[in-house]
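We did not get these values from a lab; they are worked out from the coordinates using the rules stated. Note that this is a predicted model, so its numbers are computed, not measured. Cβ atoms come from the backbone with ideal geometry, glycine included; neighbour counts cover every protein chain shown.
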Amino acid sequence: MADGAPDERRDGGPVDQAEHWPVADCEELGRGKLLRLRRDAVRVPDGSVASREVVEHPGAVAILALDEADRVLLIRQYRHPVGAELWEIPAGLRDVAGEPVHQTAERELLEETGYRASDWRVLADFFSSPGYSTERLRIFLARGLTEVPPAERDYVPEAEEAYLTVAWVPLETAVRRFLAGDMHNGVAGVGILSAYAARQDGYAALRPAGAPETL
């Protein structure tokens with residue numbers, strides 16, 4: 001294992017950095033409507049070659065919507081791959097070419113919950129499964145919420161989204177439920193715990209909605 005020291009920041013904490021090992025060969029294994037699967041032959045610094053299967057994913061956004069009473073807006077959605085209805089935060093794919101990420105988040109919040117927000121901040125950036133997938137997520141904190149009347153919404157939900165359940169849950173309750181193992185969606189967990197931590201300084205440390213992604 002290579003020795004390494006965190007990149008320097010004012011707090012001395014660790015910072016991820018881009019790195020690209022050479023790829024000796026790349027083979028496409030499959031392609032679907034959303035995902036592409038490939039196998040890379042990655043050349044390791046000692047000269048050996050490691051085979052790595054990679055799922056190419058367009059990325060996604062998620063929204064931790066918080067009202068004035070510090071309640072989180074959660075949705076319950078059926079997830080076929082895991083055979084369960086999961087409590088989640090609103091989220092969606094980055095599937096509109098050229099659409100800024102924060103606008104994708106605004107659209108997804110409105111489509112899935114019927115709410116708009118006036119105050120947007122970046123809550124967290126992360127890769128969901130970097131051992132095999134390129135999927136990256138940005139979670140936004142959305143406050144200053146206003147419900148849009150159904151007659152003014154032009155999005156028609158389909159399939160699983162037509163059966164969403166929406167609920168307002170106190171932030172502390174959501175934290176307890178996730179730590180107790182009652183909630184299993186990882187994106188929701190990152191958002192809930194990040195919001196709970198960020199609240200300690202009144203969200204002053206959060207980045208603006210248009211902040212660049214650093215990796």
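A few points about this structure:
- Axis angle, to the nearest 10 degrees, between helix 101-113 and the longest C-alpha principal axis of the chain: 50 degrees.
- Unit charges at the beta carbon, dipole of the range 92-212: most positive-side option, V169, A188, P212: P212
- Table column - 3J(HN,Hα) (Hz), the range 163-171, Karplus curve with 6.51, -1.76, 1.60, x for Gly and Pro: 10, 5, 10, 10, 8, 9, 10, x, 3
- Per the Debye formula on identical point scatterers at the alpha carbon atoms of the chain, with no solvent, log10 I(q)/I(0) at q = 0.08, 0.10, 0.17 Å⁻¹ is -0.34, -0.53, -1.30.
- Rounded to 10°, Cα long-axis angle of helix 186-198 versus longest principal axis of the chain: 70
- Cα centroid separation, the range 140-215 to the range 16-81 (Å): 21
- Given charges at beta-carbon only (K, R positive; D, E negative), |dipole| of the range 44-113 in Debye: 200
- Charged-residue dipole, Cβ positions (Lys, Arg, Asp, Glu), the chain about Cα centre, Debye nearest 20: 140
- Of all stretches in the chain that contain no GluC sites (Glu not before Pro) in a DSSP loop with at most 10 other Cβ atoms within 10 Å, the longest one is 69-157.
- Each 10 Å bin from zero holds the following percent of Cα-Cα pairs in the range 12-111: 12, 25, 30, 24, 8, 1.
- This model, with +1 at the C-beta of Lys and Arg and -1 at the C-beta of Asp and Glu, gives the range 113-176 a dipole about its Cα centre of some 320 debye.
- Percent RCO, i.e. relative contact order, over the chain, from Cα pairs under 8 Å lying at least 6 residues apart: 20
- Classification of the range 122-197 by its C-alpha gyration tensor yields a prolate form. The axis ratio a/c (a ≥ b ≥ c) is 1.5 or more, and a/b outweighs b/c.
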